[in-house]
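Beneath this line is the structure, given in structure tokens, with notes to follow.
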Amino acid sequence: MPTAITLHLRTGRTWTPDTRQLHGLACALFETTDSTHTAPAKPFTIHPPAPDPVSPRTTLLLRAFWLAADRPPPAIATARLLRLGNIHCHVTRTTALTRAYAQLAATHPTNHTTLVFHSPTYFSRDGEPDITPNPDLILGSHRRTWNTENPPGTPFHIDDDSWKALRRALRTDTAEIQTSSRPSGYDRNRKGFTGTLGLYLSKKHSTEEARRHFAALTRFASYAGTGAGTTHGFGATTTKATR
């Protein structure tokens, strides 16, 4: 079930892991002997680490997210030493917040939300990167991840007709977006957009079902991330406000 995990890591010196090291850590945390490392859709995402305000020089806050319907691997809760590249980090504290898909699906219907994109966000379209902050692409990525764990025939699946109705009502009302870049881990930088985007549903076209799905997907965005590369720290997303 969707779980937000915060790890407090003592590094011993000022240091930030690169993209491949971050992805390696995410795989080490979440993959088990039964996992398929090359699977196109992975049941986890990760945010780039941030300095801990209490001790910014030697401690990192690392947020990772488990998306599968079952519980995250139990080893995460007991991890005390993690390796990031050639650095060993001591885990001083771990917290976890779980929301079942049923809870997210039952989120109070809403017409408006603001999404915050903390790391470069992009989409893969026909094998090429697209950095357009298109609401259809944004919520579409959340829906695909949601439906990976809620396939057709299950209670919380968002089918094509429901998605079409939601897209018809979807609008943008505010945008403070800029282009930024981050190392891709393959000797080049990857561009994407960061900033805030206000989304709302047109009163003329929205339905009660569309408002429910809109609320669920935008709450889920904080777990799923947005777009491509979310297991490498791209597309880190939070929901700022709803009404």
Seminar exercise, completed: Those residues of the range 157-187 which are in contact with a Pro (Cβ under 9 Å, 6 or more places away or on another chain), over 30 Å from residue 24 (Cβ atoms) and open to solvent by 70 Å² or more (accessible area, probe 1.4 Å) amount to 167, 171
Problem set entry | Enumeration of residues in the range 188-222 that are in contact with a strand residue (DSSP E or B) (Cβ under 7 Å, 6 or more places away or on another chain), more than 21 Å from residue 175 (Cβ to Cβ) and open to solvent by less than 20 Å² (accessible area, probe 1.4 Å) | 210
Exercise. From the set of residues in the range 6-19 that are open to solvent by 10 Å² or more (accessible area, probe 1.4 Å) and not in a loop (DSSP other than H, G, I, E, B), which is modelled with the highest pLDDT?
Worked result: 6
For this session: Please tell me if residue 90 is in contact with a Lys or Arg (Cβ under 9 Å, 6 or more places away or on another chain), over 16 Å from residue 216 (Cα atoms) and open to solvent by 80 Å² or more (accessible area, probe 1.4 Å).
Result: yes
For this session: Kindly indicate the residue of the range 189-233 that is farther than 16 Å from residue 23 by Cα and among the basic types (Lys, Arg) and also farthest from the chain's Cα centre (by Cα) among those meeting that condition.
Result: 204
For this session: Being at pLDDT 90 or above and small (Gly, Ala, Ser) is the filter; apply it to the range 47-81 and report the residue that is farthest from residue 26 (Cα to Cα).
Result: 68
Problem set entry | Top-ranked residue of the range 107-139 - restricted to ones that are in contact (Cβ under 8 Å) with a residue 24 or more places away in the chain and small (Gly, Ala, Ser), ranked as least open to solvent (accessible area, probe 1.4 Å) | 119
For this session: Residues being in a helix (DSSP H, G or I) and open to solvent by less than 10 Å² (accessible area, probe 1.4 Å): count how many of those fall in the range 223-240.
Result: 1
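What about residue 95, is it of a type in the set (S, T, N, Q) and either closer than 28 Å to residue 209 by Cα or in contact with a helix residue (DSSP H, G or I) (Cβ under 8 Å, 6 or more places away or on another chain) (or both)?
Taking the combined requirement at face value, the residue does not satisfy it.
The values are calculated or read from the model by the stated rules, or taken from the named source; none is laboratory data. Predicted model, so just to flag it, every value in this text is computed and none were measured. Neighbour counts run over all protein chains shown; Cβ positions are idealised from the backbone, glycine included. With ligands, DNA and RNA removed, areas are computed over all heavy atoms of the protein, side chains included. Shrake-Rupley method; radii C 1.70, N 1.55, O 1.52, S 1.80 Å.
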